[in-house]
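Enquirer: Here it is: the structure, laid out below.
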Amino acid sequence: MRAVQEASTTETAVLPAAPPAAHARASFGRAPLALGAALAAAVAYAAFASGAISLPQSVRLEVGVAVITALTIILVAAGKLRFAAFSPAIRGTALLVAFTLWTGLSLDWSTAPDLGWEELNRTIAYVLVLALGITLAASMRRGLTVVALGFLVIAGVIALYALGGKAFPSLSPLGIFDLNHTQTFARLRAPFGYWNALALFCALAAPIALRVAADRGMMRLLRFVALTILVLLFVTIALTYSRGGALALFVAIGTLLAFSADRARLTAYALIAVVGALPALIVAYLRDDLTKDALELAARKGDGVLFALALVLGVAVTLLLAERLLPFDDRLRTPAAITDLGLRRIGLAAAGVGVFVVLVFAVTGGLADFTEVKEERRSDPGRVLDTNAGNRWVWWEEASARGRTARSAATAPARSRSRTCATGTTTSRCARRTAARCSSSRRPA
């Protein structure tokens, strides 16, 4: 724990430096720059190609990632790049590999194996991109910081593009891009085309932005830029109306605070970013033309300008508060009693809070509402506080029933199956029993 705290108090980098072995080598030349540019292009293409989850965009991205991986392996073998990582990165990669294997195994009981195959290819691409990022970080001085800042810049551009659909829906400079992506749904979802994907992407970048904004070793301008991006990320996540995105944001920020000894300073900058997000969110939630679906462009332009002004005002307030807060950076120290808390105690406290929330959820009838089948309030801002699972419970039940059926079929003796279905009458009886089991294991939609 003390080693983690000492690493987190280092003010010269957002993240720990790359493994020492990588620094001991001579310069790797232009290979890391080329790899970084290729990775940035792949991430940007995936984002602005609606997540690259459909044909032919998915094939283009996966083939491109495979080519980049093959070239990277050659450069690593030639000594132009280096693959090295801390144990947490290795454990994280192992978890992603395990998820990929599970995705592959699920093809055995999937009701749509063709779609499962596409998901398997996608998760393999995730593993490759993660390995490429680790290679890039190990091949540069302060590589982890560079990779984190690069991802933060991309996330900032995506957040600006998403918010542009609210602020300036009529803007389409030279036909290069069109910001009128809120014409069908008021919820922010561009450029991914899916609100949960946009919210999760922004949630991944939020702790990086907060760490840079609170880092005394960073340039003042860079800290202010990171704080501005943090405000944009907060507003974007809130306007996706994504409950999963909001939960991911809380987990990400909470994990950063739990593993850092600079909790007081991080909390202070997070709070002023929340303050900066409030004006835009108040306008976006209270103006009908910004919350209703399928409105004409003319109806959204006026309130869009008001939203843009509120967003600029919020960023200005945040930067003003940060300017006042900078002289007190040295005084924003976490009390020793809190700093000395071990991660185990923090984890136990978090688990206790989670159990308490679950109990309150169950006692107040939230569990029944969670499993209830009903029409989802897809574009209502109030859905953020809704406890209904959006009919996902039924899907999970169907998937679980399918998995149980597949496992029971796989474990049944082959001889017994062949003998039972040897005659026509026995086969029909077998079919009736199978149908009865399947119908009893399912729930009406």
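Enquirer: Under the 0.36 nm per residue contour assumption, what length would be gained going from the current alpha-carbon distance of L247 and V274 to full extension?
Expert: Length difference between fully extended and current span is 8.2 nm.
Enquirer: Rounded, prolate or oblate for segment 170-243? Axes are the square roots of the Cα gyration tensor eigenvalues, ordered a ≥ b ≥ c, and the cut-off for rounded is a/c under 1.5.
Expert: In terms of gyration-tensor shape, oblate.
Enquirer: Quick one: if you stick a label point 7 Å off each Cα along the C-beta vector at V59 and T267, how many nm between them?
Expert: Going from the V59 label point to the T267 one covers 5.4 nm.
Enquirer: Further, regarding this structure: Kindly provide the Kirkwood hydrodynamic radius of segment 18-140 in Å, to one decimal, from all pairs of distinct alpha carbon atoms.
Expert: 15.5 Å
Enquirer: Right, here's the next one. Write down the Å³ per residue value for the convex hull defined by the alpha carbon atoms of segment 142-341.
Expert: 124 Å³
Enquirer: Using the 10 angstrom Cβ neighbour count as an exposure proxy, how do F224, F201 rank, fewest first?
Expert: By the 10 Å Cβ count, ascending: F224, F201.
Enquirer: Take peptides 47-55, 228-236 and line them up by average Cβ neighbours within 10 Å, highest first, as a rough protection proxy.
Expert: 228-236, 47-55
Enquirer: Just to confirm the filter: which trypsin sites (Lys or Arg not before Pro) across segment 141-205 are DSSP coil and have at most 13 other Cβ within 10 angstrom of their Cβ?
Expert: Listed in order of number, the matching sites are R141.
A short reminder: the numbers here are calculations on the coordinates, not readings from a lab. Quick caveat: nothing in here was measured; it's all calculated off a predicted structure. Cβ: placed from backbone, ideal geometry, glycine included. Neighbour counts: every protein chain shown.
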